[in-house]
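Contents: one structure, followed by commentary.
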Amino acid sequence: MEGEDNNVQELDEELDNIITLNDENGEEVKFEFLDMVELDSEEYVVLLPIEDEENGNEEDAGEVVILKVEDTDSDDEESYVSVDDEETLNTVFEIFKEKFKDEFNFVDEEE
């Protein structure tokens, strides 16, 4: 029984990094928060989609999502918006990769 408490604590720590966002269809999508990256006085979040076993898309497995953080009127909330600038996305991702090069195994996909 002693080991079970450890697992519960680890699970709680994992859940602390989970955020739920609504997609363009209004459906809830869960992400694991990986990091916050600052670039040119702007903040960006790096998120990893959490796949449902039923709806898992193997094609996109392991791909991160990068969103820009925007302040809202509320102190408790922030808003995330998509980034259209490919150069900004690549720069943020390079910063993220450098910070976590020892923790993640990054695979560059060349088409």
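Where a number appears in this text, it was derived from the coordinates with a stated rule and is not lab data. Note that the structure is predicted; figures quoted are calculated from it, not measured. For neighbour counting, all protein chains shown are included, and Cβ atoms are generated from backbone atoms with ideal geometry for every residue, glycine included.
Please go through the range 77-108 and write out the GluC sites (Glu not before Pro) that DSSP classes as loop and that have at most 11 other C-beta atoms within 10 Å.
Sparse-neighbourhood loop GluC sites (Glu not before Pro): 77, 103.
Taking the alpha carbon gyration tensor of the range 65-111, what are the square roots of 5 times its eigenvalues, largest first, to the nearest whole Å?
Each semi-axis is √(5λ); the values are 26, 14, 8 Å.
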Could you pull out every residue, at least 5 positions away or on a different chain, whose amide H is within less than 5 Å of the one on residue 43? Hs are placed 1.01 Å off N in the peptide plane, and Pro or chain starts have none. 69
Please work out how much length the chain gains when fully extended from residue 39 to residue 79, using 0.36 nm per residue of separation minus the C-alpha to C-alpha distance, in nm with one decimal. 12.7 nm
Each label point is 7 Å from the Cα along the Cα-to-Cβ direction; what then is the distance between the points at residue 104 and residue 17, in nm? 1.0 nm
